[in-house]
Every structure is written in structure tokens, then in C-alpha cells.
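Encoded as C-alpha cells, the structure appears first; notes follow it.
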Amino acid sequence: MEEVLVIGIAGGSGSGKTTLTNQIASQFQDHVTILKHDNYYKAHDDMTYEERTHLNYDHPNAFDTQLMIEHLRRLKAGEPVECPIYDYKVHNRSKNTITIVPGKVVIVEGILIFENKELCDLMDIRIFVDTDSDLRIIRRIQRDVMERARSLESVISQYLNTVKPMHEEFVEPSKRNANIIVPEGGYNQVAMEMIQNQIRTHLGMLKPQ
């Protein structure tokens, strides 16, 4: 069985993780499988919509990380998994799942993926996207208002009450578990070229130096 290269891409909310992930995926297409930590938010069917809006979604306990670890192990073993889907508009896990087939490269993306040692240990390369907090909050406002049907007030309130304190308590300290720290994520062309060369070497497109 071919060895799977697992790349972890972490960083604060709005740091540019998804941009970096998407650039890598578009470059290598069928070779890349993406696993997003956001899809592993715990289901809260027992709560009302109003109750769910007040949950802390930036704490490690908000995620079913053990399920993600199990799925990543199966992908590394060459097995497909049924990944949950999270619906941001209702703040709950969807009833549907999506079948994820393992590629030669698996990218694991999320704000807190370096906080969990068991998950970290499954990764071959750990990249932390480091972006100024002012830029991250602007990007988060643009995304949540335009794509997730949130009000400006709710986005700002959530940022001040949970996103910022949780970033300082969990996300920022997890940076020390990274192998590579990339300022500005997918907009950093030098870092992008280094990462792409690493993947090309793994795929046999580039001979090691």
C-alpha cells in the first residue's frame, strides 16, 4: 500500500488556512483529500437553535476529535470514511454525510488540530498559518455575514466572547507543535513553493535533493 502524506494546516479563525489548503488542492487535484475539523463539531439535536447559538465553538470540547482521529487513521490505511457535515446556518450537524476517499496526500485543516497530541502524531507535516488579528477579524466578519447568514452584531459578539479568548488560550499556544510557521498563509509564495516541492517529492514528481 502506498504511504499517505498527512499535512496539518492550523491557525486562527480567518488566518488563511482555507486559502492555503485550496491552493495546494488545486495544484495536485486528485492526489489530495481534505479533512476539515469544522465538520466534526458535535451534534446538539437536544438543544434549541437559540441554545446552540450560545455554545462556545472555539473550545476543544466543541469538536468530536476522537471521530476525526479514527477517520484519519482509516484514510491512512487506504479506507474511505463517512465524514459528517456541519450546517453553520442552524449551528448543528447535518443529517447527511459525505464519503471521503483517501488520496496520496491528506490535508487536515482546523483552528485546533495542533491542540490534540494524538491527532498531531498522525501528521507528517504541521503548518501553522500566522496572521495579524486585525486582518483575521475582518475576514471573519466578511465570511460569516456573507456566507453563513450571520448578523454583524452576532459575529462581533462571538469574536469578543469566545473566539479571541479561546485563540489566546488554545490556538496560539498550539503553534509550538508546528514544524513550519507561515505568515499570511496562501499569500506567502515562498512558503507555498516549499510546501508544493515537498508534496511533489512525495508523489514522485520531484527527486529529493
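Can you tell me the relative contact order of segment 68-123? Whole percent, Cα pairs under 8 Å, sequence separation 6 or more.
Relative contact order here is 30 percent.
What value, in deg cm²/dmol to 500, does the helix sum -39500 (n - 2.57) over DSSP H runs of n ≥ 4 give at 222 nm once divided by the residues of the chain?
Rounded to the nearest 500, the figure is -10000 deg cm²/dmol.
About the Cα centre of segment 74-204, how large is the charge dipole given +1 on each Lys and Arg Cβ and -1 on each Asp and Glu Cβ? Please answer in debye to the nearest 20.
Using only the charged Cβ atoms, the result is roughly 340 debye.
Using the heavy atoms of the protein chains alone and a 1.4 angstrom probe, what is the accessible area of segment 1-143 per residue in square angstrom?
With all protein chains present, segment 1-143 gives 46 Å² per residue.
Using Cα-Cα distances under 8 Å and only pairs 6 or more residues apart, what relative contact order does the chain have, in percent?
Normalised by residue count, the contact order of the chain is 34 percent.
Compare the peptides 82-90, 156-164 by average per-residue count of other Cβ atoms within 10 angstrom and give them in order, highest first. Display every interim value, and only then the final one.
Values: 82-90: 14.6, 156-164: 16.8.
Descending mean neighbour count gives 156-164, 82-90.
Would you calculate the separation in nanometres between label points at ILE180 and HIS59, each defined as 7 Å from the Cα along the Cα-to-beta-carbon direction?
Spacing of the two 7 Å Cα→Cβ label points: 3.4 nm.
Within segment 140-183, which residues have the backbone N less than 20 Å from the label spot 7 Å out from VAL190 along Cα→beta-carbon, could you tell me?
178-183
For segment 77-190, with equal point scatterers placed on the C-alpha atoms only and solvent neglected, what are the log10 I(q)/I(0) values from the Debye formula at q = 0.10 1/Å, to two decimals?
Result of the Debye calculation: -0.40.
When DSSP assigns beta bridges and you keep just the ones with both residues in segment 1-148, what percent turn out antiparallel, to the nearest 5?
Rounded to the nearest five, the antiparallel share is 30 percent.
Counting pairs of alpha carbon atoms under 8 Å apart in space and at least six apart in sequence, what relative contact order in percent does segment 111-209 give?
Once divided by the residue count of segment 111-209, the mean separation gives 39 percent.
When the accessible area of segment 65-163 is computed with all protein chains present and a 1.4 Å probe, what percentage of it is carbon and sulfur? Don't skip to the end; give the middle numbers.
On the way: 2530 of 4790 Å².
Carbon-and-sulfur percentage of accessible area, whole number: 53.
Ranking request for peptides 22-35, 5-18, 112-125: highest mean number of other beta-carbon atoms within 10 Å first, then the rest in descending order.
Output ranking for 22-35, 5-18, 112-125: 5-18, 112-125, 22-35.
The values are calculated or read from the model by the stated rules, or taken from the named source; none is laboratory data. Everything numeric in this text was worked out from a predicted model, so none of it was measured. We place every Cβ from the backbone using ideal geometry, glycine too, and count neighbours over all the protein chains shown. Side chains are part of the model used for accessible areas, which takes the heavy atoms of the whole protein and leaves out ligands, DNA and RNA. Shrake-Rupley method; radii C 1.70, N 1.55, O 1.52, S 1.80 Å.
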